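The values are calculated or read from the model by the stated rules, or taken from the named source; none is laboratory data. What you see is a predicted model; the values in this text were computed from it and never measured. Cβ placement follows ideal geometry from the backbone for every residue including glycine, while neighbour counts extend to all protein chains displayed.
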Ligand SMILES: [Mg+2]
């Protein structure tokens, strides 16, 4: 299987510069749903990989996060194959799941029988790309400002992603 891994905040929903865990703040960005559908139709598994350290810091609950993810899944007509989240913050304890570490990706690859070299990761921060690169997944930075040595591809909007990677 090939997969398209996606960071969440700043890629799927609006980055607010703080934790997003209320449905009213979970604003899905333009073109996201059509791009997800396009990638799905090309045979990619769609897997969201997100740091959610606010959970271990006590700012919100797993249930609140799941409410947002359920909403997203519904808007996306249930085409998202899986969600992985890392609830731990370095203030609380160490975690190999939290990006830039790679355990969430490794778990997804094992569970979904994914071929890393046929897969992509899109994120808006270097810490999204570092674990993907380590595992041989092609990396895409979505940003108008970040230039990253960890990025194989660079786009300024998600609507340009399929053209950028040539699929
Ligand atoms: Mg992000």
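Based on this model, can you work out whether residue 132 counts as modelled with pLDDT of 95 or more and under 26 Å from residue 110 (Cβ atoms)?
Working: modelled with pLDDT of 95 or more: yes; under 26 Å from residue 110 (Cβ atoms): yes.
Judged against the criteria, residue 132 is a match.
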ask   = So which residues in segment 15-32 are away from the ligand (no atom under 12 Å from the Cβ) and either touching a residue at least 60 places away in the same chain (Cβ under 8 Å) or over 20 Å from residue 62 (Cα atoms) (or both), if there are any at all?
value = 30, 31, 32
Any pair with Cβ under 9 angstrom, 6 or more apart, that starts in segment 114-136 at a residue that is touching a residue at least 60 places away in the same chain (Cβ under 8 Å) and over 19 Å from residue 155 (Cα atoms) and ends at one that is more than 16 Å from the ligand (Cβ to nearest atom) and in a helix (DSSP H, G or I) = 114/108; 115/109
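Before we move on, is residue 43 surrounded by fewer than 18 Cβ atoms within 10 Å (Cβ to Cβ), out of contact with any helix residue (DSSP H, G or I) (no Cβ under 7 Å at 6 or more places or on another chain) and closer than 23 Å to residue 105 by Cβ? Steps first, answer last, please.
On the way: surrounded by fewer than 18 Cβ atoms within 10 Å (Cβ to Cβ): yes; out of contact with any helix residue (DSSP H, G or I) (no Cβ under 7 Å at 6 or more places or on another chain): yes; closer than 23 Å to residue 105 by Cβ: yes.
It is true that residue 43 is surrounded by fewer than 18 Cβ atoms within 10 Å (Cβ to Cβ), out of contact with any helix residue (DSSP H, G or I) (no Cβ under 7 Å at 6 or more places or on another chain) and closer than 23 Å to residue 105 by Cβ.
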key: Count of segment 66-105 residues which are in contact (Cβ under 8 Å) with a residue 12 or more places away in the chain and over 23 Å from residue 131 (Cα atoms)   = 8
remark   = Expected single match for touching a residue at least 24 places away in the same chain (Cβ under 8 Å), away from the ligand (no atom under 12 Å from the Cβ) and part of a helix (DSSP H, G or I) among 39, 46 is 39
Filtered residues of segment 1-14 (kept if buried (at least 21 other Cβ atoms within 10 Å of the Cβ) and more than 13 Å from the ligand (Cβ to nearest atom)) = 3, 4
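So how many residues does segment 152-167 have that are more than 16 Å from the ligand (Cβ to nearest atom), in a loop (DSSP other than H, G, I, E, B), in contact (Cβ under 8 Å) with a residue 12 or more places away in the chain and surrounded by fewer than 16 Cβ atoms within 10 Å (Cβ to Cβ)?
Taking segment 152-167 and keeping what is more than 16 Å from the ligand (Cβ to nearest atom), we get 152-153, 159-160, 162-167.
So of that shortlist, the ones also in a loop (DSSP other than H, G, I, E, B) come out as 152, 166-167.
Those left that are additionally in contact (Cβ under 8 Å) with a residue 12 or more places away in the chain: 152, 167.
Restricting the remaining residues to those that are surrounded by fewer than 16 Cβ atoms within 10 Å (Cβ to Cβ) gives 167.
The total comes to 1.
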